[in-house]
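Remarks on the structure that follows.
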Amino acid sequence: MSAFDKSNEHLVRAEKTIPLGSQTFSKSRTQYPVGISPLFASKVEGPHLWDLDGNKYIDLVSSLASITLGYNDRGVNKAVSRQLSKAVGMSLPAVLEAEVSELLVELVPSAEMVRFGKNGTDATSAAIRLARAYTGRDHVLISGYFGWQDWSIGSTTRNKGVPEVVSSLTHKFEFNNLNSLSSLFSQLDSEVAAVILEPMNVVYPNKGYLEAVKELAHSNGALLIFDETITGFRFSTGGAQELFGVTPDLSTFGKGMANGYPISAVVGRKDVMMEMEEIFFSGTFGGELLSLAAAKHVIERHKNQNLARELAAIGEGLEVRTNQAIQDAGISELLSLSGHPTWTFLNWRSAPEFSVEEIKTYFMQLIFEKGLLLLGTHNVTLAHNEKIIRKISEIYFDVFEIMKDKIEKGTLRNELKVEPLKPLFRVR
Ligand SMILES: Cc1ncc(COP(=O)(O)O)c(C=O)c1O
């Protein structure tokens, strides 16, 4: 008997018909070691998730950062139900498409025109095609993660199935290192269509960095694209571009737009966006109305109530308490936090006797036992109220003490109930 019997049994069933047993890599057993992890969810509410075995967790994964208001938000549910009674999709576009576009144009500095997709990948890939069409160039310079399409995933070690001819057009540069970007421009001369980056992920951009990236891109005739799939409607109402005061030519939004509903957007300068009329970016469900209704409700709430400020305050509270727990347990050589308060990274390091995978796996084993679900980042939502934050920090106080003890005694490996996680392909 284990706390995860039903999850484990269901994995056997799911894998008979679904490769990896999951539609999403980051929700699969590649991230959650089988035997110590909840593998399937049965319900969610506010900040909580219940697994198939009935175990309840405080959920800091927040459906891969796509939840910002909390699960099952009443306002979103109402907006979606109202739309459901009218239509999900129709044979001609609905007015709602323009209503949400107008909101984005009003709130996002780079947005003069808008097109919608379903996943973040749709938006980033549309932006790349658009930049290639607009500039008549093929090469792209990238820093960050942009989804599963050939042009981006081909640059990682998980590039099976991507033609070399496609990968050869994508070049990685290092965030916060201007030389790494400028040397690519020197090598590629005038062949670069776009520079695409997450304006921030693990660390803040250095002062003047994003401005300099924009200047470099433009002086070389390339477009600047910010991927705001995560940062959008999380870092600030107008995204990281508003927070850092740098306006790109194009930007992409996704996860934060509609509290878990599948919608993404590519937005940008009118003259560039008009090229959309010449390229092909089109899908049956591009104007799907339940997600648009959810997006309208979420974005209006951001506009009227400055939710991003509230989210940041919650994230800061959690950061302070987590740092306190790290200090109290004396494990600051093992773990540090970085990133924005609304999307904070837990950076684990190896110990003399233990690998980082062993340490991370033991951490997961302990937090899952204590009812906390997280993968490596705090993706806070408005539902993570003061009481929940206090509970998380209590769990951290316990867990960090235990980890410190097992590391000092040299027994951490013996405590592991499963094989440690395998090093995964890195995208950031
Ligand atoms: C920054 C960024 N861009 C793009 C994507 C791809 O989005 P999706 O998984 O919705 O296709 C992700 C997903 O994690 C992301 O974090």
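The values are calculated or read from the model by the stated rules, or taken from the named source; none is laboratory data. Remember, predicted model here, so these are calculated numbers, not experimental data. Here the Cβ positions follow ideal geometry from the backbone for every residue, glycine too, while neighbour counts run over all protein chains shown.
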field: segment 153-167, subset of a type in the set (Ser, Thr, Tyr) and within 25 Å of Asp189 (Cα to Cα), residue farthest from the ligand (Cβ to nearest atom)
entry: Ser167
- request: Could you check, for segment 135-152, whether at least one of its residues is more than 30 Å from Arg301 (Cα to Cα), without any contact (Cβ under 8 Å) to a residue 24 or more places away in the chain and within 11 Å of the ligand (Cβ to nearest atom)?
  value: no
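Take segment 91-119 and flag every residue that is of a type outside the set (Ser, Thr, Tyr), free of Cβ contacts under 8 Å to residues at least 40 places away in the same chain and part of a loop (DSSP other than H, G, I, E, B).
Leu92
Restricting to strands (runs of 3 or more DSSP E) lying wholly in segment 241-344: which have 2 or more residues that are in contact with a Gly (Cβ under 9 Å, 6 or more places away or on another chain) and closer than 18 Å to Gly70 by Cβ?
Those strands (runs of 3 or more DSSP E) do not exist here; none qualify.
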task: Determine whether segment 320-340 contains at least one residue that is modelled with pLDDT of 95 or more, within 18 Å of Thr381 (Cβ to Cβ) and within 16 Å of the ligand (Cβ to nearest atom).
output: yes
query: So which residues in segment 23-34 are crowded, with 16+ Cβ neighbours inside 10 Å and either part of a loop (DSSP other than H, G, I, E, B) or in contact with a Cys (Cβ under 7 Å, 6 or more places away or on another chain) (or both), if there are any at all?
result: Ser28, Arg29, Gln31, Tyr32, Pro33
- line: Only one of (1) within 30 Å of Asn8 (Cβ to Cβ); (2) hydrophobic (A, V, I, L, M, F, W, C); (3) within 16 Å of the ligand (Cβ to nearest atom) does not apply to Ala123, and that is (1)
query: Leu223 versus (1) in contact (Cβ under 8 Å) with a residue 60 or more places away in the chain; (2) away from the ligand (no atom under 16 Å from the Cβ); (3) closer than 16 Å to Leu103 by Cα: which is the lone unmet condition?
result: (3)
field: Scope segment 33-49; condition more than 16 Å from Gly260 (Cβ to Cβ), hydrophobic (A, V, I, L, M, F, W, C) and touching a strand residue (DSSP E or B) at 6+ places or on another chain (Cβ under 7 Å); matching residues
entry: Phe40
